[in-house]
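Below: the structure, in structure tokens.
The values are calculated or read from the model by the stated rules, or taken from the named source; none is laboratory data. The structure presented is a predicted model; accordingly, all values stated were derived computationally and were not measured. Reconstructed Cβ throughout: ideal geometry from the backbone, glycine too, with neighbour counts over all protein chains shown.
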Amino acid sequence: GSQQVDREVASVCPFCGVGCQISYKVRDEKIVAVDGRDGPANHGRLCVKGRFGWDYAHHPQRLTVPLIRREGVPKDPYALPPAGPDALAATFREASWDEALDFAAGRLKALRDTHGARALAGFGSAKGTNEEAYLFQKLVRTGFGSNNVDHCTRLCHASSVAALLEGVGSGAVSNPVADVAEAELVLVIGANPTSNHPVAATWMKNAARAGTKIVLADPRVTDLGRHAWRTLQFRADTDVALLNAMIHTVIAEGLADQAFIEARASNFEALKASVAAFTPEAMEPVCGVPAATIREVARAFAAARSAMILWGMGVSQHVHGTDNARCLIALCAVTGQIGKPGSGLHPLRGQNNVQGASDAGLIPMMLPNYQRVDNAAARTWFQDFWGTTLDPEPGYTVVEIMDKALAPDADPHKVRGMYVQGENPAMSDPDLNHAREALAALEHLVVQDIFMTETAWLADVVLPATAWPEKTGTVTNTDRTVQLGRQAIEPPGDARPDLWLIQQVARRMGLAWHYEGEHAGVAAVYEEMRQAMHGAIAGIGWERLQREGSVTYPCLAEDDPGQPIVFTDRFPTEDGRVRLVPTQLVPADERPDPDYPLVLITGRQLEHWHTGSMTRRSFVLDAIEPVPTVALNGRELARRGLVAGQPATVQSRRGEVRCHVRRDDGTPDGAVFMAFAYAEAAANLLTNAALDPFGKIPEFKYCAVRLLP
Ligand code: SF4
């Protein structure tokens with residue numbers, strides 16, 4: 001606008017994986033506005049979160065002093081953090097940095113020395129930088145001494161990544177979002193991009209205007225349906241039925257790309273045999289989509305000059321999430337729709353840095369760059385690189401760590417101490433009463449964050465960290481583009497950079513770490529990570545990032561412009577081929593029944609981000625969506641005598657919440673939808689912790705609930 005500003009600082013939006021480039025407008029050392037820049041993902045566009053979600057950084061509830069729990073104050077897993085400073089002071093006392101860091105690291109070290117390496121675990125963050133993720137996993141692996149390190153990708157695309165690593169040999173996208181402009185047909189399944197990847201959605205809508213056929217497949221009919229050529233409102237939980245019927249159609253009607261399959265796929269005969277029974281006519285009563293429509297869409301997908309699949313958590317967050325993604329890979333492979341412009345597989349990444357945090361090794365079974373911890377050669381390389389010995393056993397995942405915190409005292413792998421950096425599992429885990437009990441049961445919990453989150457409330461020591469505009473570092477978006485965020489303002493009070501804090505904990509646990517340079521040595525950490533990444537970002541040096549701001553990997557040399565489209569000639573699998581994996585119908589873990597007759601689908605909404613800790617403290621965003629709601633369609637409301645706006649209680653076998661009823665006619669019959677951003681009515685009190693056996697992702701998208709007035 002016309003406001004005078006002191007400076008403008010080029011950075012990246014801190015919210016979703018689209019990775020829009022922004023400019024912070026700073027006046028009197030405060031951010032006063034944000035504008036879009038001409039980045040590769042956004043070309044100046046921003047959504048409401050990017051535009052208005054910045055004032056959380058100046059919120060009066062920011063943590064500014066290290067806090068230590070007062071002697072004898074119990075941890076109450078059923079209480080939420082109070083808003084006022086007095087109630088906070090009754091639980092925590094202020095401490096110096098030396099005292100807080102000595103206490104944080106000293107008790108972690110004592111637990112490790114008494115009970116062994118497995119007694120500790122760490123949750124890093126997909127909201128932090130690549131450098132933080134890299135150092136955090138290095139601390140757990142070389143300082144704690146085990147692979148008990150994970151982060152929220154476990155809750156978002158772990159199943160997609162499991163299927164992609166198995167099928168195509170890489171967990172990242174094959175083509176960028178912008179490729180929708182090159183596609184003749186785009187299948188968007190289990191995603192609501194208008195809310196969750198809003199600027200990506202604008203490219204889809206622009207493509208539709210230019211003639212691209214959009215197919216929206218989702219149990220909920222969302223905004224993108226208004227732009228879609230066909231909308232397949234399949235029954236929640238029946239992805240495999242719908243997708244196998246499409247694959248069946250392609251093969252049975254002779255539409256498969258035989259040349260591609262012969263040259264580049266393996267296991268086709270097994271896939272063909274397994275989908276033989278999945279006729280559209282047999283699957284219509286299962287998935288609720290007319291057989292003729294399934295055939296029509298399958299034919300269009302196969303016949304398209306180029307066709308692309310984008311998917312979200314609606315695919316991944318099921319006990320059969322890996323199977324769902326296997327079907328998507330198979331559909332692309334049998335039609336030859338991969339390895340060329342406007343085609344391929346794009347799991348829409350949720351967090352701003354979920355791709356980068358995973359690449360950097362914040363995963364219990366993988367070292368940086370997806371090198372398996374149980375692969376002796378990979379482990380040996382990292383042992384030499386880091387000058388230490390490494391645990392050959394994969395660690396526990398997010399939900400497993402919570403179970404291990406509640407394990408009996410005699411369990412040799414009981415988790416007793418944790419370090420949580422920038423994650424809020426007391427809101428984001430499934431079955432929150434269980435997760436909060438687990439956090440409260442820990443003998444020592446260190447939480448590093450910018451607010452007194454629901455997780456920090458259960459901590460023994462809280463380390464006040466920096467918000468995104470207060471630090472410099474890199475993040476990697478859904479398109480595999482590494483982007484530089486630059487510090488725009490100073491942190492409040494005595495808050496410190498995350499990268500500095502991780503190093504302080506490491507040194508106090510006995511690690512001889514020295515990363516010199518400004519911004520807590522971020523350039524030195526980046527350059528070490530670049531070596532650990534084995535080539536993928538070899539051509540993306542720190543200096544180049546300062547110059548160019550963003551580069552897409554794989555990027556093998558300084559003069560390589562980066563490769564937005566991969567798999568053009570071979571797949572990075574052992575035999576260079578895409579592996580087809582047959583799937584069968586697996587029902588949800590908890591089906592509706594007479595006691596709990598409705599299906600609960602959880603997700604996000606446009607204005608609020610994940611557990612709400614940032615966006616609910618952003619004035620404009622909270623003003624637009626101020627209260628938690630449960631959405632039903634008009635038929636379901638009428639059937640129950642409910643009126644939109646009135647309060648209701650939602651109950652599952654695990655918990656209950658009270659919130660306002662909302663009418664949303666895109667919600668399917670027999671289902672309700674809730675966003676998980678609201679602490680006062682946390683949807684995850686209701687959800688089911690049942691896991692997909694491959695990706696270990698919980699079933700956030702399906703459990704049984706009932707509604708009471
Ligand atoms: Fe930020 Fe995502 Fe919105 Fe872009 S689309 S402004 S990255 S939240």
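Figures for the structure shown
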| quantity | calculated |
| --- | --- |
| Test: residue in the stretch 180-200 that is surrounded by fewer than 24 Cβ atoms within 10 Å (Cβ to Cβ), under 18 Å from ARG299 (Cβ atoms) and hydrophobic (A, V, I, L, M, F, W, C) | yes |
| Residue that is part of a loop (DSSP other than H, G, I, E, B) and charged (D, E, K, R), where the choices are ARG220, ARG226 | ARG220 |
| Residue in the stretch 18-34 that is touching a residue at least 12 places away in the same chain (Cβ under 8 Å), closer than 30 Å to ASN148 by Cβ and over 29 Å from the mean Cα position of the chain (by Cα) present | no |
| Sole exception among (1) farther than 18 Å from HIS608 by Cα; (2) touching a helix residue (DSSP H, G or I) at 6+ places or on another chain (Cβ under 8 Å); (3) within 15 Å of the ligand (Cβ to nearest atom); (4) of a type outside the set (D, E, K, R) for VAL34, by number | (1) |
| In the stretch 166-180, residue nearest to TRP203 (Cα to Cα) [restricted to those that are of a type outside the set (Val, Ile, Thr) and modelled with pLDDT of 95 or more] | ALA178 |
| Residue match in the stretch 305-317 (condition: more than 16 Å from the ligand (Cβ to nearest atom), farther than 17 Å from LEU165 by Cβ, in a loop (DSSP other than H, G, I, E, B) and in contact with a Phe, Trp or Tyr (Cβ under 9 Å, 6 or more places away or on another chain)) | yes |
| Hey, ARG107 assigned to a helix (DSSP H, G or I), within 16 Å of the ligand (Cβ to nearest atom), over 30 Å from GLY655 (Cβ atoms) and of a type outside the set (A, V, I, L, M) or not | no |
| Residue satisfying condition, being surrounded by fewer than 24 Cβ atoms within 10 Å (Cβ to Cβ), hydrophobic (A, V, I, L, M, F, W, C) and closer than 25 Å to ARG62 by Cβ, within set ILE450, ILE489 | ILE489 |
| Enumeration of residues in the stretch 43-75 that are aromatic (Phe, Trp, Tyr), within 11 Å of the ligand (Cβ to nearest atom) and part of a helix (DSSP H, G or I) | PHE52 |
| In the stretch 250-271, the residues that are closer than 26 Å to ASP237 by Cα and over 33 Å from the mean Cα position of the chain (by Cα) | ILE251, ALA252 |
| Qualifying residue in the stretch 182-202 (condition: without any contact (Cβ under 8 Å) to a residue 24 or more places away in the chain, under 23 Å from CYS156 (Cα atoms) and within 13 Å of the ligand (Cβ to nearest atom)) | yes |
| Residues satisfying the stated conditions in the stretch 138-171, i.e. surrounded by fewer than 24 Cβ atoms within 10 Å (Cβ to Cβ) and in a loop (DSSP other than H, G, I, E, B) | GLY145, GLY169, SER170, GLY171 |
| Criterion (within 30 Å of GLY116 (Cβ to Cβ) and assigned to a loop (DSSP other than H, G, I, E, B)) met by exactly one of ALA506, ALA512 | ALA512 |
| The listed residue being buried (at least 22 other Cβ atoms within 10 Å of the Cβ), free of Cβ contacts under 8 Å to residues at least 24 places away in the same chain and not charged (D, E, K, R), out of MET402, MET308, MET366 | MET366 |
| Among (1) within 16 Å of VAL578 (Cβ to Cβ); (2) part of a loop (DSSP other than H, G, I, E, B), the one test that PHE278 misses | (1) |
| Residue that is farthest from the ligand (Cβ to nearest atom) [pool: residues in the stretch 171-181 that are under 25 Å from PHE694 (Cα atoms) and not hydroxyl-bearing (Ser, Thr, Tyr)] | GLY171 |
| ASP239 in contact (Cβ under 8 Å) with a residue 24 or more places away in the chain, among the acidic types (Asp, Glu) and over 16 Å from VAL334 (Cβ atoms) | yes |
| Enumerated strands (runs of 3 or more DSSP E) restricted to the stretch 576-675, each holding at least 3 residues that are crowded, with 17+ Cβ neighbours inside 10 Å and of a type in the set (A, V, I, L, M, F, W, C) | 598-603, 629-632, 656-663, 671-675 |
| Any chance GLN4 is modelled with pLDDT under 95 and either more than 8 Å from the ligand (Cβ to nearest atom) or among the aliphatic types (A, V, I, L, M) (or both) | yes |
| Test result for ARG62, crowded, with 17+ Cβ neighbours inside 10 Å and without any contact (Cβ under 8 Å) to a residue 60 or more places away in the chain | no |
